[in-house]
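> Handing you a structure now.
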Amino acid sequence: MRASRLVVAAMGLSFAVAPAHAGLLSQTVQVDAFAQDADNVTVTAGGALGVGTVDADGFAVNWLPGSENKLTVFDTQVVIDNVTNGGITFIAYGGFNGFEVTETGASPAPISSFEVDPLTDVSGFDASRVSFDASHLFIDLAGLRIGMNEKVVVDLGFGNVAPAPEPATWAMLLIGFSGLGLAAYRRRTGGRATA
């Protein structure tokens, strides 16, 4: 009876595999601003707003000089907020006017989907204003006004990452199945050891 409890415990432990993490946590990202040039209707790079590593508090950059308006990259979310200005309108000249978030780390987690979070309260912002590829996210705000205390929140999805069992997991599986084999053998022989 005691052996069967040990076997059950070993089997339970053998399947305790921690899932692999898929997201931007611990990834290096770069945030760029792209804006329309009012004199020349072409997209011009506004330059890198910042490069950093996403930690538990996210990675934040100020997107408006002299303010505390932030674009914050979290593990599975990007938030653009306006906390200090009465309202900002992104000029619409027929092209992209917004932000690009790029994963620049050695092993980026591929972005596979996105969703506009219900916390988004900027009028006119919808899924048609977001595009992505495996390592870039583009958020187009052309023609939109972000009012005081309004925000854009985009939730990110990442490709399916199957957990890879560690050697200790394989060892526990081997112990568990060996224990099952021993229990079956002992049941068959009536619990007596034979040579």
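> Kindly list the number of the only condition in (1) more than 13 Å from M148 (Cα to Cα); (2) touching a residue at least 24 places away in the same chain (Cβ under 8 Å) that fails for D81.
D81 satisfies all of (1) more than 13 Å from M148 (Cα to Cα); (2) touching a residue at least 24 places away in the same chain (Cβ under 8 Å) except (1).
> Give the residue, chosen from I91, I80, that is surrounded by 13 or more Cβ atoms within 10 Å (Cβ to Cβ), at pLDDT below 85 and either hydrophobic (A, V, I, L, M, F, W, C) or under 24 Å from G157 (Cα atoms) (or both).
The conditions single out I91.
> Here is a further query. Considering only the range 141-156, I want to know if a residue exists there that is of a type outside the set (A, V, I, L, M) and within 30 Å of G105 (Cβ to Cβ).
yes
> Take F177 and tell me if it is among the aromatic types (F, W, Y) and at pLDDT 90 or above. Don't jump to the end; show me each part of the working.
Details: among the aromatic types (F, W, Y): yes; at pLDDT 90 or above: no.
No: the conditions fail for F177.
> Could you check, for the range 103-116, whether at least one of its residues is assigned by TED's automatic domain parsing to the domain that holds A60, touching a residue at least 40 places away in the same chain (Cβ under 8 Å), surrounded by 20 or more Cβ atoms within 10 Å (Cβ to Cβ) and outside any loop (DSSP other than H, G, I, E, B)?
Yes.
> From the list D121, D133, D117, D126, pick out the single residue that is under 16 Å from the mean Cα position of the chain (by Cα) and over 17 Å from D32 (Cα atoms).
Values: D121 fails: under 16 Å from the mean Cα position of the chain (by Cα); D133 fails: over 17 Å from D32 (Cα atoms); D126 fails: under 16 Å from the mean Cα position of the chain (by Cα).
Going through D121, D133, D117, D126 in turn, the sole match is D117.
> Something else: With respect to A60, is the statement that it is touching a strand residue (DSSP E or B) at 6+ places or on another chain (Cβ under 7 Å) and at pLDDT 90 or above true?
Details: touching a strand residue (DSSP E or B) at 6+ places or on another chain (Cβ under 7 Å): yes; at pLDDT 90 or above: yes.
Spelling it out, A60 is indeed touching a strand residue (DSSP E or B) at 6+ places or on another chain (Cβ under 7 Å) and at pLDDT 90 or above.
> A193 passes all but one of (1) within 30 Å of Y93 (Cβ to Cβ); (2) at pLDDT below 90; (3) not polar (S, T, N, Q); which number fails?
The single condition A193 does not satisfy is (1).
> Taking the range 72-122 as the search range and keeping residues that are of a type in the set (G, A, S) and touching a Gly at 6+ places or on another chain (Cβ under 8 Å), which one is nearest to G50 (Cα to Cα)? Talk me through it step by step, then tell me what you get.
Filtering the range 72-122 for residues of a type in the set (G, A, S) gives 86-87, 92, 94-95, 98, 105-107, 109, 112-113.
So of that shortlist, the ones also touching a Gly at 6+ places or on another chain (Cβ under 8 Å) come out as 86-87, 92, 109, 112-113.
On the way: G86: 24, G87: 23, A92: 24, A109: 19, S112: 24, S113: 24 Å.
The extreme case among them is A109.
> Working only within the range 91-116, note down all residues that are in contact with a Lys or Arg (Cβ under 9 Å, 6 or more places away or on another chain) and closer than 19 Å to G23 by Cβ.
Selection gives V116 alone.
> Of all the residues that make up the range 119-150, how many are closer than 13 Å to V79 by Cα and surrounded by fewer than 19 Cβ atoms within 10 Å (Cβ to Cβ)?
Of the residues in that region, 5 qualify.
The values are calculated or read from the model by the stated rules, or taken from the named source; none is laboratory data. Just so it is clear, the structure is predicted and the values come from calculations on it, not from any experiment. Heads up, the Cβs are rebuilt from the backbone with ideal geometry, glycines too, and the neighbour counts pull from every protein chain shown.
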